Amino acid sequence: MEITNEEIRHVANLARLDLQEDDLEMFTGQVGKILQYIDTLNRVDTDQIEPAANALPLSNAFRNDDEKEHANRNAALSNAPVKEGGVFLVPKIIED
């Protein structure tokens, strides 16, 4: 599949990107190479290959859900830059 400058310009417009002409040429070439590689991958016969959800043979990647002591509040707050009444104080982000 070949891609044109007009298609790159259209995608850039959709993404609200202002491309210069030299950028347009560069991206057209790069996207063209990517599409050529995808075409190459699409030609590979994968009929005898079983689909895989993961590249590594993992059976269970989760740890046991063991009960543990929670962190001490004073230890957790010890590095807080601002704290008050046993809680972290953070700057207000949303205005009323």
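The values are calculated or read from the model by the stated rules, or taken from the named source; none is laboratory data. A quick note: this is a predicted structure, and the numbers were derived from the prediction, not measured. Every residue, glycine as well, gets a Cβ built from its backbone with ideal geometry; the counts of neighbours run over all protein chains shown.
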- Message: Looking only at the stretch 38-96, count every residue that is assigned to a loop (DSSP other than H, G, I, E, B) and closer than 30 Å to ILE3 by Cβ and tell me the total.
- Response: 8
- Task: Scan the stretch 22-59 for residues that are among the β-branched types (Val, Ile, Thr) and closer than 18 Å to ILE8 by Cα and report the count.
- Result: 4
- Find all pairs meeting these conditions: Cβ atoms under 9 angstrom apart; at least six residues apart or on different chains; first residue within the stretch 30-42 and on the phi < 0 side of the Ramachandran plot; second residue modelled with pLDDT under 95 and surrounded by fewer than 12 Cβ atoms within 10 Å (Cβ to Cβ). GLY32/MET1; GLY32/GLU2; LEU35/MET1; LEU35/GLU2; GLN36/MET1; GLN36/GLU2; ILE38/MET1; ASP39/MET1
- Residue among ASN74, ASN60 that is at pLDDT below 90, over 29 Å from the mean Cα position of the chain (by Cα) and exposed (fewer than 10 other Cβ atoms within 10 Å of the Cβ): ASN74
- Query: Can you tell me which residues in the stretch 1-37 are of a type in the set (Val, Ile, Thr) and in a helix (DSSP H, G or I)?
  - Reply: ILE8, VAL11, THR28, VAL31, ILE34
- Message: Given the condition among the basic types (Lys, Arg) and either in contact with a Pro (Cβ under 7 Å, 6 or more places away or on another chain) or modelled with pLDDT of 90 or more (or both), answer yes or no: does some residue in the stretch 13-23 qualify?
- Response: yes
